[in-house]
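S.K.: Provided herewith is a single structure, encoded as structure tokens, for subsequent inquiry.
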Amino acid sequence: MADSSFNNLTSLARALSQPTLDLTEVADVVSHQRNIQLHSRRRRRLSNCNASESVEPATSPSAVEARVLVINTGGTIGMTLHDNVLAPKANSFVQGLRKLPILHDEVYAQQTCLYQYYGSENSLVLPLSKDNKRIVYTVIDYNPLLDSSNMTTDDWGRIGKDIEKNYENYDGFVILHGTDTMAYTASALSFMCEHLGKPIILTGSQVPIYEMRNDGRDNLLGALLIAGQFVIPEVCLYFYNKLYRGNRVTKVDAGSFNAFSSPNLAPLAVAEVDITINWDTVWRANTTAKFQVSTELNRNVGLLRLFPGITAATVRAFLQPPMEGVVLETYGSGNAPDNRPDLLEELKKATDSGVIIMNCTQCLRGTVSASYATGRVLTDAGLIAGGDMTPEAALSKLSYILAKKEISFDTKKKMMGQNLRGEMVSDLAGAKLCLSDSRFIQVIAKSLSISCKEELEAIRDALTPPLACAAAKIGDIETFEALKDMGSNLFLSDYDGRTPLHIAACEGHLKLVEYLLSHGATVYAKDRYGDTPLSNAVHFRHKEVVKLLRKTGAHFSRDELDEAGTELCSLAASGDLEGLEMWKLAGADLNKPGYDGQTALRLAHAIGKKDVVAFLVQLMGKKSKPVFGEFNEYDEYEDDDDDDDESGVIEFTAAPTGL
Ligand SMILES: NC(=O)C[C@H](N)C(=O)O
């Protein structure tokens, strides 16, 4: 022992005395020294270790150990064939792993008194990792081992408790689990584990680890390497070289190694030649509270999938007590039939009587939004928009939240629509930015250790435009109130010159447009492309917003007017009557010629769009009654009811035909 210490101190001295200092060499020596101390400490503590005193750690000298707890709940990964079907086999997993050199280095274990030191025959150690780490892992086998189809919320609770009990002793946790319900367990644990600071990674396989071709070895190895080497404070799921956020996944394939998908969130990490962590996506709790597991779960929850023709009786039966929380899997972007008052009435009755119903889409990818009347009816019936949450996440979130006794019903409802663990991007229509209190900037300033007034104001002014624009996107007046309280100028534009009014006009948020206008926003703001809020509202066809802007004095800019003729011609050519009407409403001159000198009316006539001609004539009114020159079919379009037939003209400057 003394010799090896001496040798290493000598190597260190040698490395330090080099003319060009090789830091890797120094690090290696220091690390090796630390390792030898570790092993000698181990030996001192262990009276029954057989390893010889003179034995140095096997393999590379500079390994640092990390500890991972593996909780084996069952699943295919450890199954064997009995009577031609796969089933878990008790007490055989660790023995199996011991025989796999890729998952256990027996030489290192013996030389470092691993079993004695960790006091468990179930402790194993991976070969040295690329990053010079030794992942020592201890396996707890559940009894009975379960096919995950047999799992219940009690099993989630048990896993949670075991993690809590062992939290301080390990750097990370790997949960071996069947794939069938892995997405549910991963989602549930993500909520149950409050203020998590270490990685918890669920994995399993499609083919047992003992078979020649299997995915279990890679999955377990990858999960162990990540859990032992990276502080990703999330409940994750590792499968087929990818690490996903646990509450974002769903099982999509029963017959492929690539069994899981995270449709609305990119993987947190990809294990290819190197393991690349997508740190920007990693969720971090903004708290100093201590880790704890909330194992209390409410079982009176359920998933109900809408289908065409579903009866009100089915819905009623499903929503009966003791049901307390339901995930309604709706169509598309959160839609349900709005021509089924019987169905909607059942939903409304249930929400009125205190059942929390989440609106989640049946689609694999995408979010619940407020774009359709068929979606609005569900909001009216009291459903909470589930954003882009998976049904698995929504269900387990309900189970977790409903079990909380210390919070009110209203808070529970509110929390269901909020992003708690990165499980959702909130519903765009209903969401509030998390800055609806005026301390927001102060909090940021505090975390940046900024205290002087000038710096504070500089941060506020830098942050206000994007925050205000983001709030405008979702029509969030409350956030504007909060920004106003901070003394912010609400009407600053972003880097593209776009003001909140531009954005509110694009989105058609009439109330916000009204709010902004009555709080000093200018209707004459132009963005870097010369666009005004008015032209934005016209483009996105928000009639009421156009009317309001016009009432406030908005008009097209010169650039916009220059383009009006061409735009009108193009609308006429495509028969877009609504578009033409919007331009008229916004005060455009419908006689304005396009780039080639032709008006929309002439063009429509030339290409035989009689409906467009009639519509334009009607829009222009008799005051500007067109003179069609040789075009003698005008009578066809004449509005007989209109007696205001005076002398206004629309003139063709050239023959209407032959365009
Ligand atoms: N691949 C698997 O693990 C499927 C198995 N039935 C389970 O979920 O436990």
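The values are calculated or read from the model by the stated rules, or taken from the named source; none is laboratory data. These figures come from a predicted structure and were not determined experimentally. Note that each Cβ is placed from the backbone with ideal geometry, even for glycine, and that neighbours are counted across all protein chains shown. With ligands, DNA and RNA removed, areas are computed over all heavy atoms of the protein, side chains included. Shrake-Rupley method; radii C 1.70, N 1.55, O 1.52, S 1.80 Å.
S.K.: Check residue 374 against each of (1) open to solvent by less than 60 Å² (accessible area, probe 1.4 Å); (2) among the hydroxyl-bearing types (Ser, Thr, Tyr); (3) farther than 20 Å from residue 264 by Cβ; (4) within 22 Å of the chain's Cα centre (by Cα) and name the one condition it does not meet.
M.R.: Looking at each condition in turn, residue 374 falls short on (4).
S.K.: Of the conditions (1) farther than 21 Å from residue 621 by Cβ; (2) crowded, with 16+ Cβ neighbours inside 10 Å, residue 550 fails just one. Which one is it?
M.R.: Against the list (1) farther than 21 Å from residue 621 by Cβ; (2) crowded, with 16+ Cβ neighbours inside 10 Å, residue 550 comes up short only on (1).
S.K.: Go through segment 371-420 residue by residue and tally those that are modelled with pLDDT of 95 or more, among the small types (Gly, Ala, Ser) and part of a helix (DSSP H, G or I).
M.R.: Residues meeting the conditions: 4.
S.K.: I need the full set of residues from segment 300-332 which are in contact with a helix residue (DSSP H, G or I) (Cβ under 6 Å, 6 or more places away or on another chain) and either among the β-branched types (Val, Ile, Thr) or not in a strand (DSSP E or B) (or both), in order please.
M.R.: Filtering segment 300-332 down to residues in contact with a helix residue (DSSP H, G or I) (Cβ under 6 Å, 6 or more places away or on another chain) leaves 301, 303-304, 312, 315-316, 319, 324-325, 327, 329.
Within segment 300-332, 301, 312, 315, 316, 319, 324, 327 qualify.
S.K.: Would you call residue 445 open to solvent by less than 30 Å² (accessible area, probe 1.4 Å), modelled with pLDDT under 80 and over 19 Å from residue 534 (Cα atoms)? Break it down stepwise before answering.
M.R.: Numbers: open to solvent by less than 30 Å² (accessible area, probe 1.4 Å): yes; modelled with pLDDT under 80: yes; over 19 Å from residue 534 (Cα atoms): yes.
Criteria met by residue 445.
S.K.: Right, something else. Considering only segment 170-181, state which residues are away from the ligand (no atom under 16 Å from the Cβ) and among the hydrophobic types (A, V, I, L, M, F, W, C).
M.R.: The answer is 173, and nothing else.
S.K.: Within segment 191-199, can one find any residue that is open to solvent by 40 Å² or more (accessible area, probe 1.4 Å) and either in contact (Cβ under 8 Å) with a residue 12 or more places away in the chain or within 11 Å of the ligand (Cβ to nearest atom) (or both)?
M.R.: Yes, segment 191-199 contains a residue that is open to solvent by 40 Å² or more (accessible area, probe 1.4 Å) and either in contact (Cβ under 8 Å) with a residue 12 or more places away in the chain or within 11 Å of the ligand (Cβ to nearest atom) (or both).
S.K.: Moving on. In segment 276-310, which residues are surrounded by 17 or more Cβ atoms within 10 Å (Cβ to Cβ), more than 27 Å from residue 336 (Cα to Cα) and either polar (S, T, N, Q) or modelled with pLDDT of 95 or more (or both)?
M.R.: Scanning segment 276-310 gives 293, 295, 297.
S.K.: Hey, can you tell me all the residues within segment 356-369 that are buried (at least 18 other Cβ atoms within 10 Å of the Cβ) and assigned to a loop (DSSP other than H, G, I, E, B)?
M.R.: Within segment 356-369, 367, 368, 369 qualify.
S.K.: A further question follows. Taking the condition of being surrounded by fewer than 20 Cβ atoms within 10 Å (Cβ to Cβ), in contact with a Leu (Cβ under 9 Å, 6 or more places away or on another chain) and not aliphatic (A, V, I, L, M), how many residues in segment 132-141 meet it?
M.R.: Residues in segment 132-141 being surrounded by fewer than 20 Cβ atoms within 10 Å (Cβ to Cβ), in contact with a Leu (Cβ under 9 Å, 6 or more places away or on another chain) and not aliphatic (A, V, I, L, M): 1 in total.
S.K.: For segment 232-250, how many residues are over 18 Å from residue 148 (Cα atoms), in contact (Cβ under 8 Å) with a residue 60 or more places away in the chain and touching a strand residue (DSSP E or B) at 6+ places or on another chain (Cβ under 8 Å)?
M.R.: So in segment 232-250, the residues over 18 Å from residue 148 (Cα atoms) come out as 232-234, 240-245, 248.
With the extra rule that they be in contact (Cβ under 8 Å) with a residue 60 or more places away in the chain, the set shrinks to 234, 245, 248.
Cutting the leftovers down to touching a strand residue (DSSP E or B) at 6+ places or on another chain (Cβ under 8 Å) gives us 234, 245.
Adding up the residues that qualify gives 2.
S.K.: A follow-up question, please. Quick check on this structure: which one of 215, 253 is without any contact (Cβ under 8 Å) to a residue 60 or more places away in the chain, within 14 Å of the ligand (Cβ to nearest atom), out of contact with any helix residue (DSSP H, G or I) (no Cβ under 8 Å at 6 or more places or on another chain) and open to solvent by less than 20 Å² (accessible area, probe 1.4 Å)? Don't jump to the end; show me each part of the working.
M.R.: Details: 253 fails: open to solvent by less than 20 Å² (accessible area, probe 1.4 Å).
So the residue among 215, 253 that is without any contact (Cβ under 8 Å) to a residue 60 or more places away in the chain, within 14 Å of the ligand (Cβ to nearest atom), out of contact with any helix residue (DSSP H, G or I) (no Cβ under 8 Å at 6 or more places or on another chain) and open to solvent by less than 20 Å² (accessible area, probe 1.4 Å) is 215.
S.K.: When the residues of segment 159-170 are narrowed to those that are surrounded by fewer than 20 Cβ atoms within 10 Å (Cβ to Cβ) and touching a residue at least 24 places away in the same chain (Cβ under 8 Å), which ends up farthest from residue 292 (Cα to Cα)?
M.R.: Here the answer is 169.
S.K.: From 142, 184, which residue is part of a helix (DSSP H, G or I) and within 16 Å of the ligand (Cβ to nearest atom)?
M.R.: The match here is 184.
S.K.: Something else: Only one of (1) modelled with pLDDT of 95 or more; (2) crowded, with 23+ Cβ neighbours inside 10 Å fails for residue 343. Which number is that?
M.R.: (2)
S.K.: Do you know which of the residues in segment 569-620 that are of a type in the set (D, E, K, R) and in a loop (DSSP other than H, G, I, E, B) is surrounded by the most Cβ atoms within 10 Å (Cβ to Cβ)?
M.R.: Per the stated criteria, the residue is 609.
S.K.: Step by step: first the residues of segment 63-82, then only those that are away from the ligand (no atom under 16 Å from the Cβ) and open to solvent by 10 Å² or more (accessible area, probe 1.4 Å), then the one that is modelled with the lowest pLDDT. Which residue is that?
M.R.: Per the criteria, the residue is 64.
S.K.: Where the second residue is of a type in the set (Ser, Thr, Tyr) and open to solvent by less than 40 Å² (accessible area, probe 1.4 Å) and the first is on the phi > 0 side of the Ramachandran plot and lies in segment 65-90, which pairs have Cβ atoms under 8 Å and are six or more apart or on separate chains?
M.R.: Partner pairs satisfying both residue conditions: 74/142; 74/148; 75/148; 75/179; 75/205.
S.K.: Of all residues in segment 156-169 being over 27 Å from the mean Cα position of the chain (by Cα) and within 18 Å of residue 298 (Cα to Cα), which is farthest from the ligand (Cβ to nearest atom)?
M.R.: 161
S.K.: When you look at residue 259, is it more than 18 Å from the chain's Cα centre (by Cα), buried (at least 18 other Cβ atoms within 10 Å of the Cβ), within 16 Å of the ligand (Cβ to nearest atom) and more than 20 Å from residue 152 (Cβ to Cβ), yes or no?
M.R.: Judged against the criteria, residue 259 is a match.
S.K.: Return a yes/no flag: does segment 120-128 have any residue that is within 16 Å of the ligand (Cβ to nearest atom) and either surrounded by fewer than 19 Cβ atoms within 10 Å (Cβ to Cβ) or in contact (Cβ under 8 Å) with a residue 60 or more places away in the chain (or both).
M.R.: No, because not a single residue in segment 120-128 is within 16 Å of the ligand (Cβ to nearest atom) and either surrounded by fewer than 19 Cβ atoms within 10 Å (Cβ to Cβ) or in contact (Cβ under 8 Å) with a residue 60 or more places away in the chain (or both).
S.K.: Just to check your reading of the model, which residue among 517, 501, 534, 510 is open to solvent by 60 Å² or more (accessible area, probe 1.4 Å), within 30 Å of residue 580 (Cα to Cα) and aliphatic (A, V, I, L, M)?
M.R.: 510
S.K.: Where residues in segment 101-119 are among the hydrophobic types (A, V, I, L, M, F, W, C) and open to solvent by 30 Å² or more (accessible area, probe 1.4 Å), which of them is farthest from residue 224 (Cα to Cα)?
M.R.: Residues of segment 101-119 that are among the hydrophobic types (A, V, I, L, M, F, W, C), as a first pass: 102-103, 107, 109, 113-114.
Pick out the ones that are also open to solvent by 30 Å² or more (accessible area, probe 1.4 Å) and you get 102, 107.
Details: 102: 12, 107: 19 Å.
Here the residue is 107.
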